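The structure appears below as structure tokens.
The values are calculated or read from the model by the stated rules, or taken from the named source; none is laboratory data. Not measured: the values here are computed from a predicted model. A quick note on method: Cβ atoms are made from the backbone with ideal geometry, for glycine too, and the neighbour counts reach across all protein chains shown.
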Amino acid sequence: MIRLFFVSLLFPFLGMAQEAPAPLMIRAAYHNPVKPFAELFIADQTGLVVPLPLVAEGLSSPQVTLPVNGSLVLYKDKVVDPKNPQASVAASAKIPADWKKVIVLIFPAATAAENAGYRILLINDAPNAFKKGESRVINLTQADTAMQAGEHKIPLPSGKVSELPAVKKVNEYNMAQTNFYYKEGEEWVAFTERQLQYLDTTKRIFLIYLTPGSTQPFVTTIVDNTPEFIPKVEN
């Protein structure tokens, strides 16, 4: 009861809750080439603030949380003052009402003026929304970028989650040419060219980013080949 009471105290900083939130299953990944490790926390389904089990270059194990008035909230402190929870908030983002499984991508704040220190993007991780064999691409730069993978050519708007359908134009080893481009003046310049294996058991998330002093973007890939898993939800 104490933990659930703590959850109820978190609602005022985002507005009054109208009804009890439905549990949300999340997996998270943190990306920051300058500071590759972060210690962050989240409230579990009972209201207890627990560590977010981040791993290097991959997705965390599934865990269940309760949205706070329709938002996913991450904390930078394990001990959150219920009278002033906003002081411990690392980042938050609104969750569409019909999303029940979410991939949480965590990045450093875009500007030093953002007191929370982090920003997050959400991907609907429901089996029918992000299917095995598909990929998602996020352009974290301000540059015009694009991608070609097998038979697909897609633009990659800045700050958006772009969908790459399953690649079917592959060789006998299920490999397909995968190229990334950025626009320099009026020319499209390839900055990454590689052969990747595309399987109907694997999902990928491509992140396009810059590092301090870099003159062209880089690409990192989060690979998800885990079987479907649904953690137990406590009553």
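A few notes on this one:
- When the residues of the range 61-76 are filtered to those that are more than 14 Å from F107 (Cα to Cα) and surrounded by fewer than 20 Cβ atoms within 10 Å (Cβ to Cβ), the one that is modelled with the lowest pLDDT is N69.
- Figure legend. Inter-residue proximity from the range 209-225: first residues under 14 Å from M147 (Cα atoms), second residues basic (K, R) and surrounded by 13 or more Cβ atoms within 10 Å (Cβ to Cβ), beta-carbon distance below 7 Å, spacing 6+ or different chains. Indicated pairs: T221/R204.
- Here G117 does not fit the description of being at positive phi and in contact with a Ser or Thr (Cβ under 8 Å, 6 or more places away or on another chain).
- Note on the range 44-99: residues that are polar (S, T, N, Q), within 16 Å of G117 (Cβ to Cβ) and part of a strand (DSSP E or B) total 1.
- Restricting L54, L48 to residues that are closer than 30 Å to N139 by Cβ and not assigned by TED's automatic domain parsing to the domain that holds R204 narrows the list to L54.
- Those residues of the range 137-156 which are in contact (Cβ under 8 Å) with a residue 60 or more places away in the chain, touching a Lys or Arg at 6+ places or on another chain (Cβ under 8 Å) and of a type in the set (A, V, I, L, M, F, W, C), in sequence order: I138, A143
- Here P51 fulfils each of the conditions (1) under 18 Å from the mean Cα position of the chain (by Cα); (2) surrounded by 15 or more Cβ atoms within 10 Å (Cβ to Cβ) apart from (2).
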